[in-house]
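To start, the structure itself, in structure tokens.
The values are calculated or read from the model by the stated rules, or taken from the named source; none is laboratory data. Quick caveat: nothing in here was measured; it's all calculated off a predicted structure. Here the Cβ positions follow ideal geometry from the backbone for every residue, glycine too, while neighbour counts run over all protein chains shown. Side chains included, ligands, DNA and RNA excluded: accessible areas come from the protein's heavy atoms. Shrake-Rupley method; radii C 1.70, N 1.55, O 1.52, S 1.80 Å.
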Amino acid sequence: MNSGKKPYPIVLDKVWFHARTKPLIKDLSSTIAAEDGLTVILGPNGAGKSLLLRLCHGILPAHEGQVTWGGADDPGLKEHRQAMVFQRPVHLRRSAAGNIDFALKLHGMPKAKRAMRIEAALELTGLSRYQATPARLLSFGEQQRLALARAWALDPDLLLLDEPTANLDPAAQRLIEEVLLKMIADGTRVLMSSHDLNQARRLASHVIFLYRGRIKEQSAAVKFFDEPENDLAQAFLRGELLWWRRKAVFAPDPEKENDTF
Ligand SMILES: Nc1ncnc2c1ncn2[C@@H]1O[C@H](COP(=O)(O)OP(=O)(O)O)[C@@H](O)[C@H]1O
Ligand SMILES: [Mg+2]
């Protein structure tokens, strides 16, 4: 992650992604600009949030359309200076500090700089006292924070996080949110998925509202929460777009698309 090339803007132009014949991301166009702060990809379960994050990280190919980073379509991630944390991060059988060190070494960071970054990352995530603890002995919340520490230590321009607080209790969730706010204050740009409205209200400066593989609304968070324009976004904000039903309570979709699910 030592090239000077910026990953911005990430532009998705008429992107489709399908599994076999089933379209999952549908004609999606969006620009992730270089603005400060945190953008939340918000939407019910199964909306396509994880797929969209993977497309933005270049680890999933667009089947149709194009994704570009800073004007280039080469998903050579090292040059894009972005790091992703998956929903269920995996840690190696070594200490918390050792896990971060491994990632930094992999990215070619010199040893002297690595020690400084590891210390700063553990400090930022409140894990300093666990630096020598085997990562796999940490609690779920601590492991999630360690994954954030590992990604942040790479000094990325953009952090992509897939539901970083899913399955955590409220206290552990709060700790993660505090870490995210510190990272943002430190100048890190974050693109994060969440199905948690309250969390999005607490953290987001921008919102991308995704539903059944399509962006229904993309705007500043204040605008999205105060004056959403899209019917489905309004229903989601009222808590009426129930993600655990096969069919949403709110119907019909104004675009009357031929979705099979
Ligand atoms: N590789 C895949 N093959 C088939 N279906 C998939 C695949 N990946 C995701 N899906 C489906 O695509 C939809 C969107 O998935 P996902 O992006 O994980 O949603 P979200 O993260 O919003 O919950 C879901 O219905 C999911 O089951
Ligand atoms: Mg997901």
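In this structure, the residue pairs whose Cα-Cα separation is over 32 Å, taken from K26/K182; K113/K182; K49/K113; K26/K223; K111/K182, are K26/K182; K49/K113. Here the Karplus relation 6.51 cos²θ - 1.76 cosθ + 1.60, evaluated at θ = phi - 60°, turns the backbone of region 222-227 into coupling constants of 4, 5, 4, 7, 8, 9 Hz, with x for every Gly and Pro. Within the shell of other residues whose beta carbon sits under 11 angstrom from the beta carbon of F236, the net charge comes to -1, with Lys and Arg scored +1 and Asp and Glu -1. When the chain is described by a simple charge dipole with +1 on each Lys and Arg Cβ and -1 on each Asp and Glu Cβ, the residue from Q218, T31, G187 located farthest towards its positive end is G187. Separation of region 22-54 from region 162-238 is 11 Å, based on Cα centroids.
Shape of region 74-199 from the C-alpha gyration tensor: oblate (a/c of 1.5 or more and a/b not above b/c, with a ≥ b ≥ c the square roots of its eigenvalues).
Taking H placed 1.01 Å from N in the peptide plane, check which residues at least 5 places from T133 or on another chain put their amide H under 5 Å from its amide H. When sequence neighbours closer than 5 places are left aside, the close amide H contacts are A96, A97.
Counting only protein heavy atoms and a 1.4 Å probe, region 10-237 has 44 square angstrom of accessible area per residue. Overall, the accessible surface of the chain at a probe of 1.4 angstrom is composed of carbon and sulfur to the extent of 52 percent. Sorting the segments 138-150, 105-117, 56-68 by their residues' average number of neighbouring beta-carbon atoms within 10 angstrom, most packed first, yields 138-150, 56-68, 105-117. Listed by chain and number, the aspartates and glutamates whose C-alpha is less than 17 Å from the C-alpha of K105, apart from same-chain residues fewer than 8 away, are E79, E119, D155. Classify the chain as rounded, prolate or oblate, taking a ≥ b ≥ c as the square roots of the eigenvalues of its Cα gyration tensor: rounded when a/c is under 1.5, otherwise prolate if a/b is larger than b/c and oblate if not. Note, shape of the chain comes out prolate.
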